[in-house]
Amino acid sequence: EGIPQGSQAWLDWRRLHAGASEAGIIMGLNPWQTKLQLWQEKTLGWTKEVNNAMRRGTQMEEQARKAYELQSGFLVCPMVAEDDVHPFISASFDGVSVDREKIVEIKCGKASHKLAQHGEIPRYYLAQCQQQMYVAGVQLMDYWSFDGTEGILIPVVRDNQFITTL
């Protein structure tokens, strides 16, 4: 919980966990990374190159979080957590409310925002959301797509069948 996301301590912690952002890779839904590449990261310490889209998302996240708070009325802050039963399963949350009942996943990508304008969430991000709901123990969360000006909020409902498969 107290590990700042993006720090070396967080990177070291992530290496020992199956994080929510990796759920889409594990399920074979991520078009940018294979299971083998994830295994190489986790076991051999290989690192993936930070591309412009990833850099943009990191740079815009705080602004996007503030825009989410304004629209939703919920104050949230980043947090990391691991599952109580299976501690190797984790999530790095973009936003969690003080009462830990509300969580939000923030995306700032151009392609995912175009999909959000039609009420769609890419399957690899849905997998991430499902793992986050599992770790947080909630039934519903928000997916927030932000392009720097416009924010789109899409509620995501927990899918226990998907979580069991994951």
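The values are calculated or read from the model by the stated rules, or taken from the named source; none is laboratory data. In this text the structure is predicted, and so the values were computed from the model without any measurement. Neighbour counts run over all protein chains shown; Cβ positions are idealised from the backbone, glycine included. The accessibility values were calculated without ligands, DNA or RNA, using every heavy atom of the protein model including side chains. Shrake-Rupley method; radii C 1.70, N 1.55, O 1.52, S 1.80 Å.
Brief remarks follow.
- The chain, accessible area per residue, ligands and nucleic acids excluded (1.4 Å, Å²): 57
- (i) 18.0; (ii) 17.1; (iii) 16.1, with the label sought being that of the calculated Kirkwood radius over Cα pairs in Å: (iii)
- Each other residue within a Cβ distance under 11 Å of Ser145 adds +1 if Lys or Arg and -1 if Asp or Glu, for a net charge of -2.
- For Ala18, the residues 5 or more places off, or on other chains, whose built amide H falls under 5 Å of its own are Ile89, Ser90.
- Solvent-accessible area, 1.4 Å probe, carbon plus sulfur percent, for region 67-166: 54
- FRET efficiency, 1/(1 + (r/R0)^6) with R0 41 Å, evaluated for Trp46 and Glu101 via beta carbons: 0.65
- Cβ-based net charge around Ile25, under 15 Å, with every Lys or Arg adding one and every Asp or Glu removing one: +4
- Rounded to the nearest whole Hz, the Karplus-based 3J(HN,Hα) values (6.51 cos²θ - 1.76 cosθ + 1.60, θ = phi - 60°) of region 108-113 follow the sequence 10, x, 5, 5, 5, 5, with x at glycine and proline.
- Count, lysine Cα pairs under 20 Å in region 8-166, 8 or more residues apart or across chains: 5
- Remark on Val80: its backbone amide H falls under 5 Å from those of Ile3, Phe93, a criterion applied only to residues 5 or more positions apart or on other chains, H modelled at 1.01 Å from N.
- Using C-alpha pairs under 8 Å with a sequence gap of at least 6, the mean separation divided by the residue count of the chain gives a relative contact order of 24 percent.
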